[in-house]
Amino acid sequence: MTTLVVCLDRTDDVGRRTGLRTPIVGWEAVRALVTDVGLADPEDSGVNTLLESLRVAQSLRDDDEETVVAVVSGDRESMVSADRAVARQLDDLMTEYEPDSAVVVIDSAEDERLVPIVESRLQVDAVDRVVVRQARDIESTYYLLKQFLADEELRQTILVPLGLTLLVFPILASAFTPAVGAATITAVIGLFLLYKGFSIDERLTRTAKRLRESLYSGQVSVVTYVVAIGLTLVGLFVGALGVSTLEDTQGVLVPTMRFVFDSVPWLAAAGLTASLGRLFDELIDDGPLRSSYLHLPSLVVSVGLVVRGFSGFFLEQQGWTDPLVIPSIRINQQGIGSFALTPGQRLALFVGLAILLSFVGVFTVSRIADSAAENEYADSDESAAEEEPSRLADAELTDGGSKSARSRDKERSTVDGDDPVDPKPKTEDETGANVYVDTRTDDDTDTETGADTDTDNQRDRE
């Protein structure tokens, strides 16, 4: 019975520190590896794991069990490649040594994730996790702080905001009150946490990169985005101006509805401009047109109509806006006079227009998508038709080679312009069937008869 004592290292600390490739098998090899890892990094817990592997192997040998001690490491590229590397090395060990069971030695929760890989290939009798005892005193605390201060990313993330807080709080406390200073500091810390939590810095970096690429590539959307930003600013200003004209309002509902009612046309125009610019870029591009960019303009206008309708409904209910008046329509001295809509009719009109516009947009996009699919199918048929003659030409070339060979054989059988000599000429019998005629000469027949006689004489002598 052979027991495999395997030390697992998922992150390839052994290879990174010593430059050796795993698996490393054998008592002496692992013992030498302990020295190499210890000299490279004496504080690494991997040294204790290797020593524990040797101790377990020695204990099993003392019990008269045949053991094989090995060190298996993963890959540093990714966790998937690391797990696959460990599985491949375990398969090699099982093929070479054919163990009956295994004892797994690990030192972290990261390495413990490799245990199911071992269990899927071999019976695991025990899992030995090494925990290094450390002195919890002032020296160890100082050492941890030293390591923390050596990390540049941690310094910028924690120490810089903490230092700014300690500097700004006394200034705010002396200029205002300690309560105002504490509230301001708390708000800034909350904004910073949200900034890091939502990865706003990464989003800003990606946005700046895309904007730079758009400027260099000359996309239409750059101009439309700038126009959209301008329309957005105008919408916000118009909304704020509408709120400032309100007098004697209580609560926030009416000012909010007024702001939305006045600003939503400009905001919808901004969204429509940006979406049209992106759509133009897709049309100019050689790639296939994605349907999402076709849906976006009608979607923006539909949402704007719905929001405008609901905000106007609330304002008209409270008496803060005039009813919507439909102008008179006259055709050939006949028509409809102007009339005012009730708040409910106004809301229904805007919602109906939004739904109708969305249906028109969906129908248009579906027709365009079907047309694009038909064009693509027609292009594929044309390409297939263009490829058909080339395939026929290849087939003719292949057949022509055989015909050429046959013609060369006929040419070789033709002498001085005579007809080709057929080894077995054919003639027709009375029924019209083709029969072969023996055209051999008498000399040829005599030669064959003599050869047959010599063969018979040889058999008689034997």
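The values are calculated or read from the model by the stated rules, or taken from the named source; none is laboratory data. This structure is a prediction, so every number in the text was calculated from the model and none was measured. Cβ placement follows ideal geometry from the backbone for every residue including glycine, while neighbour counts extend to all protein chains displayed.
So which residues in the stretch 192-236 are aromatic (Phe, Trp, Tyr), surrounded by 12 or more Cβ atoms within 10 Å (Cβ to Cβ) and under 25 Å from PHE280 (Cβ atoms)?
TYR225 - this is the single residue of the stretch 192-236 that is aromatic (Phe, Trp, Tyr), surrounded by 12 or more Cβ atoms within 10 Å (Cβ to Cβ) and under 25 Å from PHE280 (Cβ atoms).
Going through the stretch 244-270 one residue at a time, which ones are modelled with pLDDT under 90, β-branched (Val, Ile, Thr) and either in a loop (DSSP other than H, G, I, E, B) or surrounded by 18 or more Cβ atoms within 10 Å (Cβ to Cβ) (or both)?
Those that are modelled with pLDDT under 90, β-branched (Val, Ile, Thr) and either in a loop (DSSP other than H, G, I, E, B) or surrounded by 18 or more Cβ atoms within 10 Å (Cβ to Cβ) (or both): THR245, THR249, VAL252.
Of the conditions (1) surrounded by 19 or more Cβ atoms within 10 Å (Cβ to Cβ); (2) touching a helix residue (DSSP H, G or I) at 6+ places or on another chain (Cβ under 6 Å); (3) at pLDDT 85 or above, VAL124 clears all except one; give me its number.
Unmet condition: (1).
Output the qualifying pairs, or none if there are none: Cβ atoms under 6 angstrom, residues six or more apart or on different chains, first residue in the stretch 210-226 and among the acidic types (Asp, Glu), second residue modelled with pLDDT under 75 and surrounded by fewer than 16 Cβ atoms within 10 Å (Cβ to Cβ).
Correct list of pairs: empty, since none qualify.
Name the pairs whose Cβ atoms lie under 6 Å apart, with the first residue in the stretch 180-197 and farther than 12 Å from VAL168 by Cα and touching a residue at least 12 places away in the same chain (Cβ under 8 Å), the second of a type outside the set (Ser, Thr, Tyr) and in a helix (DSSP H, G or I), and 6 or more positions between them or separate chains?
Between residues of the stretch 180-197 that are farther than 12 Å from VAL168 by Cα and touching a residue at least 12 places away in the same chain (Cβ under 8 Å) and residues that are of a type outside the set (Ser, Thr, Tyr) and in a helix (DSSP H, G or I), the close pairs are PHE192/PRO161.
Determine whether the stretch 306-319 contains at least one residue that is outside any helix (DSSP H, G or I) and either of a type in the set (Val, Ile, Thr) or within 28 Å of VAL360 (Cα to Cα) (or both).
No, the conditions are met nowhere in the stretch 306-319.
Run down ALA240, ALA187, ALA182 and say which single residue is part of a helix (DSSP H, G or I), closer than 30 Å to GLN318 by Cβ and modelled with pLDDT of 85 or more.
Details: ALA187 fails: closer than 30 Å to GLN318 by Cβ; ALA182 fails: closer than 30 Å to GLN318 by Cβ.
Just a single option satisfies the conditions, and that option is ALA240.
Take the residues in the stretch 127-161 that are basic (Lys, Arg) and assigned to a loop (DSSP other than H, G, I, E, B); name whichever of them is modelled with the highest pLDDT. Spell out how you get there, then give the answer.
Here is the first cut: in the stretch 127-161, the residues basic (Lys, Arg) are 129, 133, 136, 146, 155.
Still in the running and assigned to a loop (DSSP other than H, G, I, E, B): 133, 136.
Working: ARG133: 61, ARG136: 52.
Out of the qualifying residues, it is ARG133.
Just name the residue that is nearest to the chain's Cα centre (by Cα) out of those in the stretch 57-80 that are at pLDDT 80 or above and exposed (fewer than 13 other Cβ atoms within 10 Å of the Cβ).
VAL80
Please determine, by comparing only the residues of the stretch 81-115 that are among the acidic types (Asp, Glu) and either under 28 Å from the mean Cα position of the chain (by Cα) or part of a helix (DSSP H, G or I) (or both), which one is farthest from VAL130 (Cα to Cα).
Per the stated criteria, the residue is GLU96.
So which pairs qualify, if the first residue must be in the stretch 362-378 and under 12 Å from SER298 (Cβ atoms), the second must be modelled with pLDDT of 65 or more and among the small types (Gly, Ala, Ser), the Cβ gap must be under 8 Å, and the two must be at least 6 apart or on different chains?
Qualifying pairs under 8 Å: VAL362/SER298; THR364/SER298; VAL365/SER291.
What are the pairs, 6+ residues apart or on separate chains, where a residue within the stretch 14-27 that is free of Cβ contacts under 8 Å to residues at least 24 places away in the same chain has its Cβ under 8 Å from a residue that is not in a loop (DSSP other than H, G, I, E, B)?
Between residues of the stretch 14-27 that are free of Cβ contacts under 8 Å to residues at least 24 places away in the same chain and residues that are not in a loop (DSSP other than H, G, I, E, B), the close pairs are THR18/LEU33; THR18/ASP36; THR18/VAL37; THR18/ALA40; LEU20/VAL14; LEU20/LEU33; LEU20/ASP36; ARG21/GLY15.
Would you call LEU349 assigned by TED's automatic domain parsing to the domain that holds GLY239 and either surrounded by 18 or more Cβ atoms within 10 Å (Cβ to Cβ) or more than 30 Å from the chain's Cα centre (by Cα) (or both)?
Working: assigned by TED's automatic domain parsing to the domain that holds GLY239: yes; either surrounded by 18 or more Cβ atoms within 10 Å (Cβ to Cβ) or more than 30 Å from the chain's Cα centre (by Cα) (or both): yes.
So LEU349 passes the test.
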